[in-house]
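Visitor: I'd like to ask some things about the structure below.
The values are calculated or read from the model by the stated rules, or taken from the named source; none is laboratory data. Because the structure is predicted, anything quoted here is derived from the model rather than measured. Cβ coordinates were reconstructed from backbone atoms using ideal geometry, including for glycine residues, and neighbour counts include every protein chain displayed.
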Ligand code: TXA
Ligand code: MG
C-alpha cells in the first residue's frame with residue numbers, strides 16, 4: 001500500500017498516538033515523525049530510514065514553553081536563542097530529563113529541541129500534544145526531501161501518511177547549536193546563519209568536523225549524497241579535466257552546451273538553498289555519470305549550502 005498524501009491532521013494525530021510514523025513538512029526539509037515519548041515508535045524511525053542507532057533524533061515541539069518539560073535546565077543563552085529564532089530553523093541541544101527515551105538520543109545525555117516554522121506542522125503539534133521525534137524523511141545518507149513527492153518516491157511504501165505542506169521554504173536543515181556545555185557550540189550549519197546567531201549571543205564556536213565516528217553524531221563526511229559522483233570546484237577547471245557524460249549544478253551562471261541547473265539566476269543565496277536538494281535529486285535521477293558543482297559565496301545561508309555540497313562530494 002502506498003502512503004496517502006494530504007493535509008489531514010486528525011488522521012496524523014490518530015496514527016502518531018498509535019505509535020505509527022507520519023511524514024511532516026517543515027520549513028527546512030520534510031521529517032519522518034513519531035511520538036518521541038514512545039521508544040518502540042522511535043525505533044521504527046531508525047528501521048524505516050535504515051539509520052544507524054548512534055545517530056540521535058531531533059525532538060519537535062509546539063512552543064518554547066514545552067522545552068522545560070523535557071530538559072534539566074534552560075541556560076540563559078538557550079533562552080535568548082529561542083526568543084530570537086523560534087519558530088525557525090534552529091535546533092538547540094540541551095541536557096535531557098528522564099521523559100526523553102534513550103532511543104531518541106542514541107544514549108546521549110542531551111537532546112536536540114526544535115520548534116519548526118510551518119503552519120501545518122505547528123497545528124499538528126498543538127493538536128497531538130506530544131513531542132515528535134523526526135529526522136529528515138529520507139533513507140539514511142541520501143538527499144533530504146523538500147517536497148511531499150520526494151518522501152513518497154523513497155518512503156511511500158513504508159509509511160501510511162505524508163502530510164503535504166508544499167515546498168520547504170528554507171530548503172536546508174536546521175542549524176544545530178549545543179547549549180549543554182559551558183559555551184554554545186555550533187554542530188551543524190543550516191537555515192539560521194552564523195552571523196545572525198552572533199548578533200544574539202556574541203561569538204560562537206563552530207565544530208562541524210565529521211568523521212566515521214564523529215563527535216557530533218550524524219555529521220558524517222559523506223552525507224546528503226546523490227548516487228552519482230559529484231565533483232565540487234571551479235566549473236571551468238572541472239570541464240577541462242572531465243569529459244564523461246556530465247551535468248552541471250551552478251550557482252548563477254548558465255552553461256548552454258550542457259545539461260545545467262542554476263540554483264539562482266539572480267545570485268540569491270536563499271533561493272539557492274531552497275532549490276538545492278530538488279536540483280540534486282533531479283540531476284541524480286537523469287542519465288549522465290558525473291555532476292559538476294561549484295561552491296556558492298561562503299556567507300549567510302551560503303555556508304550551509306557549501307557544507308551540503310562538500311558532504312555530497314565526499315567519497
Ligand atoms: O531541519 C531539521 O533539523 C530537520 C527537520 C525534519 O527538523 N531534521 C533533521 O534531522 O535534519 P536529522 O536526523 O536528519 O539530523 C539530525 C542531526 C543528527 O544527525 C545529529 O547530528 C544531530 O542532529 N543531533 C541530534 N541530537 C543531538 C544531540 N543530542 N547532540 C548532538 N547532535 C545531535
Ligand atoms: Mg538527515
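Visitor: More than 16 Å from the chain's Cα centre (by Cα), in the same structural domain as residue 170 (by TED's automatic domain parsing) and either within 15 Å of ligand 1 (Cβ to nearest atom) or buried (at least 22 other Cβ atoms within 10 Å of the Cβ) (or both): does that describe residue 83? Give the derivation first.
Guide: On the way: more than 16 Å from the chain's Cα centre (by Cα): yes; in the same structural domain as residue 170 (by TED's automatic domain parsing): yes; either within 15 Å of ligand 1 (Cβ to nearest atom) or buried (at least 22 other Cβ atoms within 10 Å of the Cβ) (or both): no.
Answer is no for this residue.
Visitor: Could you tell me how many of the residues in segment 249-286 are out of contact with any strand residue (DSSP E or B) (no Cβ under 9 Å at 6 or more places or on another chain) and assigned to a loop (DSSP other than H, G, I, E, B)?
Guide: So the count comes out to 7.
Visitor: Show me the helices (runs of 4 or more DSSP H) found entirely inside segment 137-247 where at least 2 residues are closer than 30 Å to residue 1 by Cα, more than 16 Å from ligand 2 (Cβ to nearest atom) and at pLDDT 95 or above.
Guide: Passing ranges, in order: 148-155.
Visitor: Is it the case that residue 89 is more than 16 Å from residue 178 (Cα to Cα) and assigned by TED's automatic domain parsing to the domain that holds residue 61?
Guide: So residue 89 does not fit the description; no.
Visitor: Restricting attention to segment 156-173, report how many residues are more than 16 Å from the chain's Cα centre (by Cα) and under 20 Å from residue 50 (Cα atoms).
Guide: The qualifying residues number 7.
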